[in-house]
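Down below is the structure, laid out as structure tokens.
The values are calculated or read from the model by the stated rules, or taken from the named source; none is laboratory data. Since this is a predicted model, take the numbers as computed values, not measurements. Every residue, glycine among them, receives a Cβ derived from its backbone with ideal geometry; neighbour counts consider all protein chains shown. Each accessible area value is taken on the protein alone, full model and side chains, heavy atoms only, with ligands, DNA and RNA left out. Shrake-Rupley method; radii C 1.70, N 1.55, O 1.52, S 1.80 Å.
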Amino acid sequence: MNTTMFNVSIPSIIRDIGVSADLGSWIVSSYSIGYALSTVIYSRLSDTLPIRRLLSVGLTILGLSSVFGIFASSFHTLLIARIAQSAGAGSMAGLGLIIASRYVPYERRGSAISMISAGSAMAFGLGPIIGGLISEYIGWNGLFAITCLVLVLLPILLRLLPKEQPKPFKFDIAGALLTVVNAVTILTAVSQRSIVWLGVGLLSIAVHAAYLKRAKASFINPAVLAIPAYRKLLIVGFCILFMNLGNLFLMPLALANLFGRSPLEIGFTIAPGAVLSAVLTSFVGRWIDRYGNFRFLLIGQVILALVLIAIWTNLGASSAVILFGYLFFSPAVSTSLSSLNNETSRILPAELIGSGMGFMQLIQFFGGSFSVAVCGMLLAFQDKVSLVHAYKNVYVVLTVISICSLIVLLRYYVSGRKQVQSN
């Protein structure tokens, strides 16, 4: 909910604090990249530290930063609050999947992972409505009050979670810092359209690659990157979140700027698709367990491509294009992510599940952060183009990404078939 509540309020926030769309995109992208980085940190630490302890730290940070956000009144204080929120929120994303992967047998794991996705999908459904109501009648600062509720829920979680014993570990601080530098510099280069920042980002990636060759117990485990099938799934995961977060960023802006919709109206336009996704996800989990991951991953990717093509070609006609498009788009995203995460847990050795699932989450949410930065940049770049064509042009980019994802997914299937035949 902490994502979609703010997405529907972005037009109001941009107007109230007086920033441009590309700068305002950092309210979303900074949260997404912080969420991604903290997800992989918590996931990596779960190999040695108890999940109960990690969740206690993460959700406490999330709750306290939300209290701070209630009083944010400028772009900088709002940005600080969102980054601090993301540092805590990432604990739930990665650790939830690790709990399912560690404690649920594979034959029932699809249903477990889909249950997590259903909770997320329901949150996506409630987020636009609650975000619209709060923004319209209280103000966007009130959105932070909702997230403070994690402090109330934390004792319940701690009572229900399994108890684990800590193991000796050595955390790779240098590798974690290099990962943060890689992500932030590349996003800054895109959002600021800076060759200098791009050079710094590429240099940091080269330094990180050299570091991985000689580091022991590194933050990014090179062993998972040595698996060809896993690398292909990483690309698909990047593309799915690129499409999802890009669309979630564009829809509220298009509804506000093209059709004059209020935050509450935006919420009611986006909510039906997310609610439908939550309803369908429980069925999808059982189908995945019965029929396999690839079939539903492929179906989800095809639907995403078709929806993006429909929005791209018909966006200016009516706001109903977004309403009906998201009715198909949101379930397709949930189905794709459920089957992708389940397939990832299937191909990873048991000793690499923590680092592998964590890095998958990192790449997914970096894709979302990168998408929001790119979409904000493209909108700002098209200041001499009509609004309808500007939004359509950005949807062309999302459509191309969907086609690239399909190609990689088909290559994954072909390579898997060849491996089975050779065995």
Does ALA81 satisfy the condition of being within 16 Å of SER30 (Cα to Cα), open to solvent by 20 Å² or more (accessible area, probe 1.4 Å), among the small types (Gly, Ala, Ser) and in a helix (DSSP H, G or I)?
no
Could you tell me whether region 178-188 includes any residue that is modelled with pLDDT of 80 or more, under 21 Å from ILE51 (Cβ atoms) and not in a loop (DSSP other than H, G, I, E, B)?
no
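Might you let me know whether region 246-253 holds any residue that is of a type outside the set (A, V, I, L, M) and more than 25 Å from LEU406 (Cα to Cα)?
Yes, region 246-253 contains at least one residue that is of a type outside the set (A, V, I, L, M) and more than 25 Å from LEU406 (Cα to Cα).
Go through region 118-172 and give me each residue that's of a type in the set (Lys, Arg) and touching a residue at least 60 places away in the same chain (Cβ under 8 Å). Show your work before the answer.
Applying the first criterion (of a type in the set (Lys, Arg)) to region 118-172 yields 159, 163, 167, 170.
LYS163, LYS167 - these are the residues of region 118-172 that are of a type in the set (Lys, Arg) and touching a residue at least 60 places away in the same chain (Cβ under 8 Å).
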Which helices (runs of 4 or more DSSP H) does region 1-71 wholly contain that include 1 or more residues that are closer than 16 Å to LEU245 by Cα?
4-17, 21-45
Of the residues that make up region 192-206, is at least one open to solvent by less than 20 Å² (accessible area, probe 1.4 Å) and part of a helix (DSSP H, G or I)?
yes
Given the criteria of a type outside the set (Gly, Ala, Ser), part of a helix (DSSP H, G or I) and farther than 20 Å from THR313 by Cβ, does VAL372 qualify?
yes
So GLY175 fits all but one of (1) buried (at least 21 other Cβ atoms within 10 Å of the Cβ); (2) free of Cβ contacts under 8 Å to residues at least 60 places away in the same chain; what number is the exception?
(1)
Hits in region 381-421 - residues which are surrounded by fewer than 17 Cβ atoms within 10 Å (Cβ to Cβ), part of a helix (DSSP H, G or I) and of a type in the set (Gly, Ala, Ser):
SER415, GLY416
Is it true that ILE266 is over 16 Å from VAL333 (Cβ atoms), open to solvent by less than 20 Å² (accessible area, probe 1.4 Å) and in a helix (DSSP H, G or I)?
yes
So which of ILE220, ILE240 ends up being closer than 30 Å to GLY131 by Cβ and either buried (at least 23 other Cβ atoms within 10 Å of the Cβ) or in contact with a Lys or Arg (Cβ under 9 Å, 6 or more places away or on another chain) (or both)?
ILE240
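From the list LEU234, LEU225, LEU253, LEU248, pick out the single residue that is among the aliphatic types (A, V, I, L, M) and modelled with pLDDT of 90 or more. I'd like the intermediate steps shown before the answer.
On the way: LEU225 fails: modelled with pLDDT of 90 or more; LEU253 fails: modelled with pLDDT of 90 or more; LEU248 fails: modelled with pLDDT of 90 or more.
That would be LEU234, the only listed residue that is among the aliphatic types (A, V, I, L, M) and modelled with pLDDT of 90 or more.
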Could you tell me whether GLY88 is over 30 Å from LYS216 (Cα atoms) and either outside any helix (DSSP H, G or I) or open to solvent by less than 30 Å² (accessible area, probe 1.4 Å) (or both)?
no
Taking the conditions exactly as written (out of contact with any strand residue (DSSP E or B) (no Cβ under 7 Å at 6 or more places or on another chain), closer than 16 Å to ILE240 by Cα and part of a helix (DSSP H, G or I)), does GLU343 satisfy them or not?
yes
Taking only region 85-130 into account, find how many residues are modelled with pLDDT under 80 and of a type in the set (Phe, Trp, Tyr).
2
Which numbered condition trips up VAL150, out of (1) in contact with a Leu (Cβ under 8 Å, 6 or more places away or on another chain); (2) within 28 Å of LEU225 (Cα to Cα)?
(2)
For a quick check of your reading of the model, give me the residue pairs whose first member lies in region 73-90 and is under 13 Å from PHE144 (Cα atoms), whose second is open to solvent by 40 Å² or more (accessible area, probe 1.4 Å) and among the β-branched types (Val, Ile, Thr), with beta-carbon atoms closer than 7 Å and at least 6 apart or on different chains.
ALA84/ILE61
Condition (residue is β-branched (Val, Ile, Thr) and open to solvent by 10 Å² or more (accessible area, probe 1.4 Å)) applied to region 25-32: is it met by at least one residue?
no
Residue set ILE299, ILE303; condition part of a helix (DSSP H, G or I), free of Cβ contacts under 8 Å to residues at least 40 places away in the same chain and closer than 24 Å to ILE347 by Cα; output residue ILE299
Say we look at region 346-362 and pick out the residues that are of a type outside the set (A, V, I, L, M, F, W, C), assigned to a helix (DSSP H, G or I) and within 14 Å of ASN221 (Cβ to Cβ); which of these is most open to solvent (accessible area, probe 1.4 Å)?
GLU351
Contact list, first residue from region 365-390 and free of Cβ contacts under 8 Å to residues at least 60 places away in the same chain, second anywhere and open to solvent by 10 Å² or more (accessible area, probe 1.4 Å) and of a type outside the set (S, T, N, Q), beta-carbon distance below 8 Å, six or more apart or interchain, is LEU378/VAL397; GLN382/HIS389; ALA390/LEU378; ALA390/LEU379
